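S.K.: Input: one structure, supplied below.
The values are calculated or read from the model by the stated rules, or taken from the named source; none is laboratory data. The model shown is predicted, which means the values in this text are computed figures rather than measured ones. Please note: Cβ atoms are built from the backbone with ideal geometry, for glycine as well, and neighbour counts cover all protein chains shown.
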Amino acid sequence: MTTKKADYIWFNGEMVPWGEAKVHVMSHALHYGTSVFEGIRCYDSHKGPVVFRHREHMQRLHDSAKIYRFPVSQSVDELMEACREVIRTNNLTSAYIRRWCLLAMSAWG
């Protein structure tokens, strides 16, 4: 099984080419691990790509960020639409999607 790298990813609220998505070296998440993620499967079906338990995954991501006490500026529905946009833009049918929220820049200490 080969893995196709997506040409575009959703980064900071917009679709960007893969190589343009950058996290700063001084990001809080890089130094302290302040991030949350969800691994989500998308399967090909007779109706087109279907994301497995989509709402549950996005709600858990939102809840995890809340526990860490850092904001997610998108609602669960907006995160779901962003995920669908990534699938459409990259013409994916089956995929593993990694939703990742991180605390980018913050006071250290």
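S.K.: Report whether or not Arg88 is surrounded by fewer than 18 Cβ atoms within 10 Å (Cβ to Cβ) and under 16 Å from Phe37 (Cβ atoms).
M.R.: No: the conditions fail for Arg88.
S.K.: Another question, then. Restricting to the range 66-79, give me the number of residues that are under 13 Å from the mean Cα position of the chain (by Cα) and of a type in the set (Phe, Trp, Tyr).
M.R.: Adding up the residues that qualify gives 0.
S.K.: In the range 15-30, what residues are in contact (Cβ under 8 Å) with a residue 24 or more places away in the chain and surrounded by fewer than 11 Cβ atoms within 10 Å (Cβ to Cβ)?
M.R.: His24
S.K.: Now for a separate question. For the range 69-76, check the following and say yes or no: at least one residue is outside any loop (DSSP other than H, G, I, E, B), touching a His at 6+ places or on another chain (Cβ under 9 Å), aliphatic (A, V, I, L, M) and touching a residue at least 60 places away in the same chain (Cβ under 8 Å). Explain how you work it out, then say what you get.
M.R.: Residues of the range 69-76 outside any loop (DSSP other than H, G, I, E, B): 76.
Now restrict to residues that are touching a His at 6+ places or on another chain (Cβ under 9 Å): 76.
Still in the list and also aliphatic (A, V, I, L, M): 76.
Subsequent filtering for residues that are touching a residue at least 60 places away in the same chain (Cβ under 8 Å) retains none.
Within the range 69-76, none of the residues are outside any loop (DSSP other than H, G, I, E, B), touching a His at 6+ places or on another chain (Cβ under 9 Å), aliphatic (A, V, I, L, M) and touching a residue at least 60 places away in the same chain (Cβ under 8 Å).
S.K.: Within the range 58-72, can one find any residue that is more than 16 Å from Cys101 (Cα to Cα) and modelled with pLDDT of 95 or more?
M.R.: No, because not a single residue in the range 58-72 is more than 16 Å from Cys101 (Cα to Cα) and modelled with pLDDT of 95 or more.
S.K.: Same structure again: Considering only residues that are within 22 Å of Arg88 (Cα to Cα) and outside any loop (DSSP other than H, G, I, E, B), which ones fall in the range 1-34?
M.R.: Correct list: Tyr8, Ile9, Trp10, Phe11, Glu14, Met15, Val16, Pro17, Trp18, Gly19, Glu20.
S.K.: Somewhere in the range 85-95, is a residue at pLDDT 95 or above, part of a helix (DSSP H, G or I) and either touching a Leu at 6+ places or on another chain (Cβ under 8 Å) or small (Gly, Ala, Ser) (or both)?
M.R.: Yes; the residues of the range 85-95 include at least one that is at pLDDT 95 or above, part of a helix (DSSP H, G or I) and either touching a Leu at 6+ places or on another chain (Cβ under 8 Å) or small (Gly, Ala, Ser) (or both).
Condition check ((1) closer than 15 Å to Glu85 by Cβ; (2) more than 13 Å from the chain's Cα centre (by Cα)) across all residues:
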residue	(1), (2)
Lys5	no, yes
Asn12	yes, no
Val25	no, yes
Gly39	no, no
His46	no, yes
Met58	yes, no
Ser64	no, yes
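S.K.: How many of the residues in the range 35-68 are buried (at least 16 other Cβ atoms within 10 Å of the Cβ) and in a loop (DSSP other than H, G, I, E, B)?
M.R.: Here the count works out to 1.
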